1. Yes or no: the range 247-254 includes at least one residue that is surrounded by 13 or more Cβ atoms within 10 Å (Cβ to Cβ), closer than 25 Å to S491 by Cα, modelled with pLDDT of 95 or more and of a type outside the set (V, I, T).
2. Pick from the range 480-513 the residues that are of a type in the set (D, E, K, R) and out of contact with any Asp or Glu (no Cβ under 9 Å at 6 or more places or on another chain): which of them is farthest from I175 (Cα to Cα)?
3. Regarding A323, is this residue without any contact (Cβ under 8 Å) to a residue 60 or more places away in the chain, hydrophobic (A, V, I, L, M, F, W, C), outside any strand (DSSP E or B) and surrounded by fewer than 20 Cβ atoms within 10 Å (Cβ to Cβ)?
4. What are the residues in the range 99-154 that are surrounded by fewer than 16 Cβ atoms within 10 Å (Cβ to Cβ) and within 30 Å of S166 (Cβ to Cβ), if any?
5. Is there a residue in the range 175-194 that is among the aromatic types (F, W, Y), in a strand (DSSP E or B), over 30 Å from L65 (Cα atoms) and free of Cβ contacts under 8 Å to residues at least 60 places away in the same chain?
6. Name the residues in the range 490-531 that are more than 30 Å from G344 (Cβ to Cβ), open to solvent by less than 10 Å² (accessible area, probe 1.4 Å) and not in a helix (DSSP H, G or I), would you?
7. Inside the range 532-547, can you point out the residues that are part of a loop (DSSP other than H, G, I, E, B) and surrounded by fewer than 16 Cβ atoms within 10 Å (Cβ to Cβ)?
8. State yes or no: is K202 of a type in the set (D, E, K, R) and modelled with pLDDT under 90?
Amino acid sequence: MNKFFTLLALVFLLSKASLAQTQTIVSFAAFGQEEDEAIYGMSGASLFYFKIPPQNQIGGSKLVLRFEPSQALIKENSFINIIINDKPIYSSRLSKDSIQTLTINLRKEDLSPGRYLKIQVKTLLTITDDICKDLDNPAMWLKVKNDSYLVLVKDPKGGLDNVNISNCFDSKRAIVYPSDPSLNDLKAVAWAYARLKKATNKSIFVFEQGKVPDSVKNYILVGNMGSLPEDKKSLIKDVSPQSGEGLLYLSKSMTTVNDTTTIKVNQGGKLVDSKKYGSESVAGEILFVTGGDEDGYLKAITTLGNINILNSSFGNYLIINHAENAFIKTIDENRSKITLKQIGGSSDFLSGVGSLKNAYTFKNSDFSFTPKEVEIRFIGNYSGLNPGDRGYFNIYLNGLLISSEKLDASGKLNTSVTINRYQHHKYNRLESEFRFFPANGQCKNSFINFFGEVDVDKSYLESKNPFISSALSFYQYPEAFNLGTTKIIVSKSIAKYTTGALGEIIYELNNNINPNNFPEFAYSDGLPDGDLKKNNIIALLAKDDPMLDKFTSAPIRFKDKFTLYNADNRSTPVYSVSQSDSISSGLAQIFYGTSNNATLVLTATGPDSHKSDAFLNVSKSITEQLSTLSSNVCVTDVNSNKYLFNINKSSDNLEYTETKSSLTQFWEKYNLYILLGILLLILLSFLYVRSRVQRSQELYND
């Protein structure tokens with residue numbers, strides 16, 4: 001009998017281990033839901049879209065939803081409803097648990113054709129027996145926890161049959177380039193990086209050939225056919241690009257990995273990290289971006305910037321005979337007026353009582369230029385109000401109420417508000433709200449009588465005037481580079497350390513509703529001076545590159561030793577170039593060039609092993625939601641600390657130390673001690689003279 005139970009326990013453990021290897025647990029946080037999602041009001045809803053990787057199959061997978069209802073609710077009279085792919089799946093009363101867990105088995109038909117899982121959580125909440133009193137009660141809420149998760153079943157074949165060029169970017173997190181990259185290699189890495197960043201919110205890694213970790217099996221490999229390693233080139237089968245032809249080729253295979261991995265496991269209803277060592281069969285994918293020669297290679301790179309071609313490439317390889325990107329510029333090139341639909345809005349039919357909201361997001365770079373003023377216009381329809389009813393249409397920007405208009409019996413909505421540059425940020429959240437309160441005594445009979453809908457095709461944002469200033473700032477990046485041709489210049493000596501930063505820059509230049517910025521690439525040595533005047537310039541340079549001397553209007557002369565001080569406390573130095581030998585720092589400065597052309601210069605200090613991080617950190621920092629409109633110099637360090645400065649000719653927070661004499665530097669360094677010594681000598685002299693006078697008086701008196 002003991003042997004029987006021992007065998008049974010062994011079978012159980014083996015089956016559990018096998019199950020763990022065939023399932024992947026992915027939390028809502030890992031999908032980008034960084035915070036708990038709160039649903040407010042008596043009747044509310046929240047929508048989640050999750051892209052399911054082709055390596056997983058939805059049939060047999062599970063949705064584990066964790067939610068926390070308000071403590072003030074009457075649980076037995078409050079309800080939660082789950083709708084997946086627009087079909088009702090589950091409805092139930094709330095239980096009395098403080099945090100509740102719901103498990104739903106998923107089916108193949110729950111997945112949309114684009115492999116998106118659409119989950120909608122709707123609530124009907126109750127606090128009192130009088131629903132009219134519950135309308136605006138702030139205690140009406142339910143939070144969907146971000147530690148909710150999906151238990152995804154791995155495809156036994158690795159999902160390789162479902163993977164093609166159009167969807168392979170979703171699962172890749174790394175790019176590999178030749179150890180001595182050419183300009184075309186830099187351009188290929190940049191465009192591949194930008195394409196990956198559009199597909200994921202996770203970190204993207206860039207590796208030299210020969211330095212790829214063994215655990216990385218899914219990546220993009222760039223380089224012309226002549227620079228590809230022989231063991232990788234042999235993976236390209238059944239096709240060979242000829243001279244002048246570009247090639248995108250997806251190699252797929254199953255491979256065994258022996259490694260220690262950290263996975264999410266369910267313990268007591270919560271996800272915890274668990275490390276395990278073992279062998280696992282995983283899908284290995286390499287997307288080659290290459291060509292028969294440099295001309296063909298360049299065509300493959302150009303195709304990376306053409307999202308329409310990539311999204312329609314459903315095979316494993318694509319031969320490119322002709323590639324261009326100019327066609328995109330024919331679509332609303334001006335971009336001074338954009339509809340709510342263009343920024344992702346949808347015409348949702350809202351009905352009920354109280355607050356009915358829609359939310360939209362937009363950024364300055366969605367426009368052709370940094371707007372000084374933006375007109376926000378909402379057009380839509382609603383049910384006309386009866387006598388005694390109260391209704392309002394409110395507009396919120398970044399959490400602040402900026403407009404409120406009374407509704408009437410017409411049922412037609414056409415309202416606008418104009419905001420200035422101090423009200424909108426680089427990244428903005430716009431909310432529209434219908435608020436309806438029925439006449440006294442009619443509350444219970446009015447819940448289905450009111451509806452409202454914003455027409456996202458007719459509603460729009462319009463930039464009235466461009467924001468023009470005498471000096472450029474990071475607030476105007478990247479829109480300042482939208483007009484005209486942009487040239488990216490790189491120092492050849494540090495080219496391989498700039499790959500990640502170049503990817504961030506290409507991504508930002510095209511991070512808008514109509515990406516059409518395809519910069520030219522060039523090395524700094526031998527570049528004609530005229531190119532610095534007739535183009536917008538983005539330069540990633542070594543700190544000793546002679547080209548830095550040509551930027552005469554730059555806020556900082558980087559070749560000279562300098563110190564930056566806090567504007568509010570000049571006695572405290574924030575950054576000094578003398579630290580460059582031991583500490584890696586990135587420095588970015590934006591300004592107008594000699595021909596009033598937009599210019600951005602990035603430099604890095606410190607050991608070569610950290611320069612990649614220095615360039616990458618500073619390229620990310622200048623795109624964040626900055627707290628000032630006038631910063632034109634940014635300094636970052638390896639610890640991701642960021643310092644912003646506004647440097648101009650009259651600034652007193654910049655000091656060049658190399659231009660001062662040794663005597664001046666000695667005085668500034670020790671002046672306090674010298675002054676203290678002089679005061680001490682004066683005091684001692686005074687005491688000595690005083691003592692001599694007193695002694696003389698005593699002798700005289702005697």
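1. Within the range 247-254, not a single residue is surrounded by 13 or more Cβ atoms within 10 Å (Cβ to Cβ), closer than 25 Å to S491 by Cα, modelled with pLDDT of 95 or more and of a type outside the set (V, I, T).
2. The initial filter retains those residues of the range 480-513 that are of a type in the set (D, E, K, R), namely 487, 492, 496, 504, 508.
Going one step further and asking which of them are out of contact with any Asp or Glu (no Cβ under 9 Å at 6 or more places or on another chain), we end up with 504, 508.
Numbers: E504: 13, E508: 18 Å.
So the residue we want is E508.
3. Numbers: without any contact (Cβ under 8 Å) to a residue 60 or more places away in the chain: no; hydrophobic (A, V, I, L, M, F, W, C): yes; outside any strand (DSSP E or B): yes; surrounded by fewer than 20 Cβ atoms within 10 Å (Cβ to Cβ): yes.
It is false that A323 is without any contact (Cβ under 8 Å) to a residue 60 or more places away in the chain, hydrophobic (A, V, I, L, M, F, W, C), outside any strand (DSSP E or B) and surrounded by fewer than 20 Cβ atoms within 10 Å (Cβ to Cβ).
4. N105, R107, K108, E109, S112, P113, G114, Y116
5. Step one: filter the range 175-194 for residues among the aromatic types (F, W, Y), giving 177, 191, 193.
So of that shortlist, the ones also in a strand (DSSP E or B) come out as 177.
Still in the list and also over 30 Å from L65 (Cα atoms): 177.
After this cut, where a residue has to be free of Cβ contacts under 8 Å to residues at least 60 places away in the same chain as well, the list is none.
Looking for residues that are among the aromatic types (F, W, Y), in a strand (DSSP E or B), over 30 Å from L65 (Cα atoms) and free of Cβ contacts under 8 Å to residues at least 60 places away in the same chain, one finds none in the range 175-194, hence no.
6. If the condition is that a residue be more than 30 Å from G344 (Cβ to Cβ), open to solvent by less than 10 Å² (accessible area, probe 1.4 Å) and not in a helix (DSSP H, G or I), then V490, S491, T498 are the ones that fit.
7. Here is the first cut: in the range 532-547, the residues part of a loop (DSSP other than H, G, I, E, B) are 535, 543-545.
Result: D544, single match.
8. On the way: of a type in the set (D, E, K, R): yes; modelled with pLDDT under 90: yes.
In short, yes.
The values are calculated or read from the model by the stated rules, or taken from the named source; none is laboratory data. Quantities reported herein were computed from a predicted structural model and do not represent experimental measurements. Ideal geometry is used to build each Cβ from the backbone, glycine not excepted, and the neighbour counts take in all protein chains shown. Keep in mind that these areas ignore ligands, DNA and RNA; they rest on the heavy atoms of the full protein, side chains included. Shrake-Rupley method; radii C 1.70, N 1.55, O 1.52, S 1.80 Å.
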